[in-house]
Amino acid sequence: MKLVDKETLGLDGGDLFNIDALIRQSGLSYFEALNVEAVQLQAIVWNLNGILNIEADDTAKERYGDLINHLENALRKNN
């Protein structure tokens, strides 16, 4: 997980795997799961205010495309 710019959060396959597992196992919303992952990694993202987009490599996009779309929608809804 990295901050690409002020509106874009970069996630790799491991980040997306963890977020997907949080949603499936705990019933968290997409936004809540993304927030938990950010806190767990102690990322440079102290909060998700202003983040509207997710950037991922092609492999992660192929595997987690739907999840990425849901996460971006959740970010836009909550920001």
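The values are calculated or read from the model by the stated rules, or taken from the named source; none is laboratory data. Predicted model only: the values in this text are computed from it and were never measured. Reconstructed Cβ throughout: ideal geometry from the backbone, glycine too, with neighbour counts over all protein chains shown. Remember, those area values only see protein heavy atoms, side chains included, never the ligands or the DNA or RNA. Shrake-Rupley method; radii C 1.70, N 1.55, O 1.52, S 1.80 Å.
Sub-8 Å Cβ pairs linking a first residue in segment 16-30 that is over 14 Å from D66 (Cα atoms) to a second residue that is open to solvent by 40 Å² or more (accessible area, probe 1.4 Å) and of a type in the set (V, I, T), at least 6 apart or interchain, are L22/V36; L28/V36, ordered by first then second residue. Residues of segment 47-60 that are loosely packed, with under 15 Cβ neighbours inside 10 Å and not acidic (D, E): N47, N49, G50, L52, T59.
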